[in-house]
Amino acid sequence: MYAQLVETGLKKVRSLDEMSAEEIDFQARIDAGVKIEPKDWMPEAYRKTLVRQISQHAHSEIVGQLPEANWVTRAPTLERKAVLLAKIQDEAGHGMYLYSAAETLGVSRDQLLDDLHSGKAKYSSIFNYPTLSWADMGAIGWLVDGSAIINQIPLCRCSYGPYARAMVRVCKEESFHARQGYDIMMALCKGTPEQKQMAQDALNRWWWPSLMMFGPSDATSVNSAQSAQWRIKLFSNDELRQRMVDQTVPQAEYLGLRVPDPDLKWNTDTGRYDFGSINWDEFHNVLRGNGPCNRQRLQTRKQAYDDGAWFRDALQAHADKQEAAPQAA
Amino acid sequence: MSKEWPLWEVFIRSQHGLAHKHVGSLHAPDDEMAINNARDVYTRRNEGVGIWVVRAADIVSSSPGDKGALFEPANNKVYRHPTFFPMPQEVKNL
């Protein structure tokens, strides 16, 4: 998802007889649905895993602005442009909420940003695909933000208080993102045959990468099992992906668009859609840094940060001057 | 590069008459920028009519270990709650 393949650093799920008294107490609180707060005792592996998960999530929000920034100056109307800008500003806000949540675990903002800029930290694979037409703004809001909602709603109930509270705030704002995307798709699908073809082309390119966002099957993953025990992962990757397919296929039908999967069909026994197999080689390749836009995204992000250095320095100089100045009577 | 900006805790009054409520935190070099940043990060949808920002370093907090000493004494004082005193049904306005 926005955080994919999060390591716990553990080889097997911690069992009760391996736990210290503090750890047993900690697990009992989680099992009872009590939120863990920053000053509470927590196992080091829980803290580190959360830092990785929340910071990956934050980096994804920040880098996620870049594919959309590509279309701000070329939005078809002033209203679409204002809406897109507001959506992108929300993504920055989501990044800020999440960085703050990560900092409650004892890491600094500068360290988190350094890890993103040096390429050490990961962000979601989805943002390494190019945005080739205006229809991609529709497909991203509809499919990518739609998938993000499916992932993030359960996290509102996760065990770590600051993360859960950040997710509540994010989820409230995320439906706007999904709807503005679907609204773009509806306008294109009601337009000329060429416009409808643009929408179909965007769906063709974003469908599979959106399914990959949820990550490979984690039915046998120790990391996922441990994260589930800690209640920082509430459903399996496959379950969340299945929900995405089940809710999105009827939305595509309403638009009159074809989901690019010849194996997609309704399964009357399960009451869910069966779908074709995913190209995980592509997913791993993108994660390794070889997606269509990995280098460009990181470069653009670093340049934006470096170009803003003079402004941050000026703010700091002003603050230092104010502090040094004698208080006016 | 300049030093890391201090952390500020942000409190928003959502409507006139309600108390300020903690909504999150942010970094800013001074109080003026902290208010500006809080406006952008926490009130994009008209969530507030007032903002407080406070340097996180200036907040004094109880620690989870003190929970017993601080809060247990209240447990055996149930008579502080009005429901401790059952009232006869025919007695009104109490």
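The values are calculated or read from the model by the stated rules, or taken from the named source; none is laboratory data. Just so it is clear, the structure is predicted and the values come from calculations on it, not from any experiment. Using ideal geometry, Cβ is built from the backbone for each residue, glycine included, and neighbour counts are taken over all protein chains shown.
A few points about this structure:
- Test: residue in the range A:160-180 that is farther than 30 Å from A:Val51 by Cβ, touching a helix residue (DSSP H, G or I) at 6+ places or on another chain (Cβ under 6 Å) and in a helix (DSSP H, G or I): yes
- Considering A:Leu240, A:Leu211, the condition of being in a helix (DSSP H, G or I) and closer than 27 Å to A:Arg14 by Cβ is satisfied by A:Leu240 alone.
- Here A:Asp306 does not qualify as out of contact with any His (no Cβ under 7 Å at 6 or more places or on another chain) and away from chain B (no Cβ under 14 Å).
- Candidate set from the range A:35-48 (those that are more than 14 Å from chain B (Cβ to nearest Cβ) and closer than 11 Å to A:Leu105 by Cα); member that is surrounded by the most Cβ atoms within 10 Å (Cβ to Cβ): A:Tyr46
- In the range A:59-85, the residue that is nearest to the chain's Cα centre (by Cα) out of those that are within 14 Å of chain B (Cβ to nearest Cβ) and free of Cβ contacts under 8 Å to residues at least 24 places away in the same chain is A:Leu85.
- Checking each residue in the range A:86-131 for being of a type in the set (D, E, K, R), farther than 18 Å from B:Asn37 by Cβ and touching a residue at least 24 places away in the same chain (Cβ under 8 Å) picks out A:Lys87, A:Asp115, A:Lys122.
- Of all the residues in the range B:17-29, those that are within 10 Å of chain A (Cβ to nearest Cβ) and either within 16 Å of A:Tyr97 (Cα to Cα) or among the small types (Gly, Ala, Ser) (or both) number 7.
- B:Phe11, sole failed condition from (1) part of a strand (DSSP E or B); (2) within 13 Å of another protein chain (Cβ to nearest Cβ); (3) of a type outside the set (Asp, Glu); (4) touching a Gly at 6+ places or on another chain (Cβ under 9 Å): (2)
- Test: residue in the range B:30-46 that is part of a strand (DSSP E or B) and within 13 Å of chain A (Cβ to nearest Cβ): no
- Entry remark, the range A:226-237: residues being assigned to a helix (DSSP H, G or I) and surrounded by 19 or more Cβ atoms within 10 Å (Cβ to Cβ) number 3 in total.
- Of the listed requirements (1) surrounded by fewer than 24 Cβ atoms within 10 Å (Cβ to Cβ); (2) under 30 Å from A:Gln229 (Cβ atoms); (3) modelled with pLDDT of 95 or more, A:Tyr129 misses just one: (2).
- Residues in the range A:10-34 that are in contact (Cβ under 8 Å) with a residue 12 or more places away in the chain, more than 14 Å from chain B (Cβ to nearest Cβ) and part of a helix (DSSP H, G or I): A:Glu23, A:Gln27, A:Ile30.
- Every residue from the range A:216-265 that is aromatic (Phe, Trp, Tyr) and touching a residue at least 24 places away in the same chain (Cβ under 8 Å): A:Trp230, A:Phe235
- Residue list for the range A:100-118, filter: at the interface with chain B (Cβ under 9 Å from one of its Cβ atoms) and either under 14 Å from A:Gln53 (Cα atoms) or among the β-branched types (Val, Ile, Thr) (or both): A:Ser100, A:Ala101, A:Glu103, A:Thr104
- Pairs, first of a type in the set (Ser, Thr, Tyr) in the range A:132-146, second in a loop (DSSP other than H, G, I, E, B), C-beta under 9 Å, six or more apart: A:Ser133/A:Trp71
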